[in-house]
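Quick notes on the structure that follows.
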Amino acid sequence: MTSPIRPIRTIYLNDDNNVGYVNRIMLGTASRGTVRIEWHNAVRSITIPPNWSYVTFLQGMSAVIPVRFQVADAQNVIVRECLARDFEWLLLIEDDTLPPPDLYIRLNDYMREGKVPVVSGLYYTKSEPSEPLIYRGRGNGAFLDWKMGDQVWCDGVPTGCLMIHHSILKVMWEESEEYTVGGQTMRRVFDSPLKSWIDPDSGMVSTASGTSDLAWCMRIINENVFKKAGWNDYDGVEFPFVVDTNIRCWHITPDGETFPSHFPPIEEQRPPDLGIAVTDGTKPEDRFGS
């Protein structure tokens, strides 16, 4: 892709010492309120790059953070706060996703280059066999034609570990209907599709349902959001989202089972990206405890 480099957000002045800082990236987590200790250890273990400040927006007990909300509603609250606080990037990490310790270092590379508006980490379904959540097309299962260490372009990504440029969210926010839930006013940037209808020809009742992540991806493509947000090189591209398989996350269940049980080794001929050594075949308990 050859999109022009996007500008970072406005530099603000710290009242204490007049040092400029940038609202670069915001971390948002939609949670039911109970998380595994492995998740806590994983998030707390992420290396903070030099000269970064650190701000989080967690869906937990707070006067401005909703509890007992559906995932899409919680995501919309997070999007609202990201735009209101004028962050350049939003990073969604779900409370059942264990991110790698080099997550911010790898994402920082994308942020500096400013050429990719949507970047997802790699993680797998909670199932046996466990499949990667990477999609090209619908109804045809996971896309598997890639090697560990690749940047995989696709048209469907999950929100478990997903970084999004604010310009995408801003366009979607402005074009989304306003609604109120739990006393919070927001807009449907994310939505969990659920509808039923009667086919006028056959008289049969049909239903459609899905997850907020794939519905969000399809909306971006179908509504030409890339073009509206100024990412013209992505407009009309068949596979506009990237999954960086160097960002390897585990999916964890409430009882502590993780998927996949281990990651396939990175191809020996592939140099370690960003100069970071990767240990092949690691298991989550070796890094995050249990």
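Can you give the extra length, in nm with one decimal, that the chain gains between Glu223 and Glu257 once fully stretched, where that is 0.36 nm per residue apart less the Cα-Cα distance? Provide the component values of the computation, followed by the final result.
Values: separation 34, 0.36 × 34 = 12.24 nm, distance 3.83 nm.
Contour length minus Cα-Cα distance gives 8.4 nm.
Taking label positions 7 Å along the Cα-Cβ direction at both Glu178 and Arg112, the computed distance is 4.2 nm, reported to one decimal. Taken over the range 81-189, the convex hull of the Cα atoms encloses 159 Å³ per residue. For Trp153, the accessible area of its heavy atoms, probed at 1.4 Å with every protein chain present, is near 70 square angstrom. Note on Gln70 and Asp86: their simple-model spin labels are 3.4 nm apart, each label 7 Å out from Cα toward Cβ. Using a simple spin-label model with pseudo-atoms 7 Å out from Cα toward Cβ, Lys147 and Glu131 lie 2.4 nm apart. Maximal additional length on extending the Arg138-Thr185 stretch stands at 13.7 nm, based on 0.36 nm per residue less the C-alpha distance.
The values are calculated or read from the model by the stated rules, or taken from the named source; none is laboratory data. The shown structure was predicted, so the numbers you read here are calculated from the model rather than taken from an experiment. Note: ideal-geometry Cβ built from the backbone for every residue, glycine included; neighbour counts use all protein chains shown. Each accessible area value is taken on the protein alone, full model and side chains, heavy atoms only, with ligands, DNA and RNA left out. Shrake-Rupley method; radii C 1.70, N 1.55, O 1.52, S 1.80 Å.
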